[in-house]
């Protein structure tokens, strides 16, 4: 299926590795013009080389609102505008609800809520002016079904889900869709660091019987940015191999 993304200008945050990188690759494969970012210059350079093509690599740290805003503004200048924004960031340290200090929640909210809001606020006006846009945030299955050892992440990403739902209603008449995509367990460095010696047992909780492939996730993300997804907005798509047990 051709997704109608040829020459669309896509900005993918936190994309030097993991699901961000996989999403950038999927958009490039569809012919989009893509800007990626990372805070480690060597890792960013390696990611750009792996993607090939004319990808634009911007050294930026989107863990703060200032860094997130600068990344989007720089990308818009280099691309000549933005059609697609994939808001993404790394995850906060693990911790239970009662053991995570208050400062840990503040940091998580800056990282996984406020930085995404800043990116949206930087990108949306241009999308409204041109009458077309796609906002997609990579969040987590934890925003749907809390993960006990990731309390700060769950709290921040749930807040972001609420913001995106509100934004979706506001900008829908302008031809801009706003969605989130909620990954479960995928083969990324972060998953390995969080699970360590439990990694081999992850499949026990995944009905399809395998840990997710980041490239499959990227394909799902690209579809939500497509022309065909123009009637999908204000929703959160689980990409988790059936791991979530909820009805909604």
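The values are calculated or read from the model by the stated rules, or taken from the named source; none is laboratory data. Predicted, not measured: the structure shown is a model, and the values here were computed from it. Cβ sites come from the backbone with ideal geometry, for glycine too, and all protein chains shown count toward neighbours.
Some observations on this one:
- For segment 61-75, a residue qualifies if it is in contact with a helix residue (DSSP H, G or I) (Cβ under 6 Å, 6 or more places away or on another chain), under 17 Å from residue 44 (Cβ atoms) and in contact (Cβ under 8 Å) with a residue 24 or more places away in the chain, and the qualifying residues are 62, 63, 68, 72.
- Test result for residue 144, in contact (Cβ under 8 Å) with a residue 24 or more places away in the chain and either closer than 20 Å to residue 18 by Cα or buried (at least 24 other Cβ atoms within 10 Å of the Cβ) (or both): no
- Of all residues making up segment 77-99, the number that are assigned to a helix (DSSP H, G or I) and farther than 16 Å from residue 15 by Cβ: 1
- Matching residues in segment 117-165 - criterion: being out of contact with any strand residue (DSSP E or B) (no Cβ under 9 Å at 6 or more places or on another chain) and in a strand (DSSP E or B): none
- Tally of residues being at negative phi and assigned to a loop (DSSP other than H, G, I, E, B) across segment 18-42: 4
- Top-ranked residue of segment 7-17 - restricted to ones that are outside any loop (DSSP other than H, G, I, E, B) and over 12 Å from the mean Cα position of the chain (by Cα), ranked as surrounded by the fewest Cβ atoms within 10 Å (Cβ to Cβ): 9
- Any hit, segment 217-227, residues being outside any helix (DSSP H, G or I), surrounded by 12 or more Cβ atoms within 10 Å (Cβ to Cβ) and touching a helix residue (DSSP H, G or I) at 6+ places or on another chain (Cβ under 6 Å): no
- Close pairs (7 angstrom Cβ cut-off, 6 or more residues apart or separate chains): surrounded by fewer than 22 Cβ atoms within 10 Å (Cβ to Cβ) in segment 107-132, modelled with pLDDT under 95 and not in a helix (DSSP H, G or I) anywhere: 107/92
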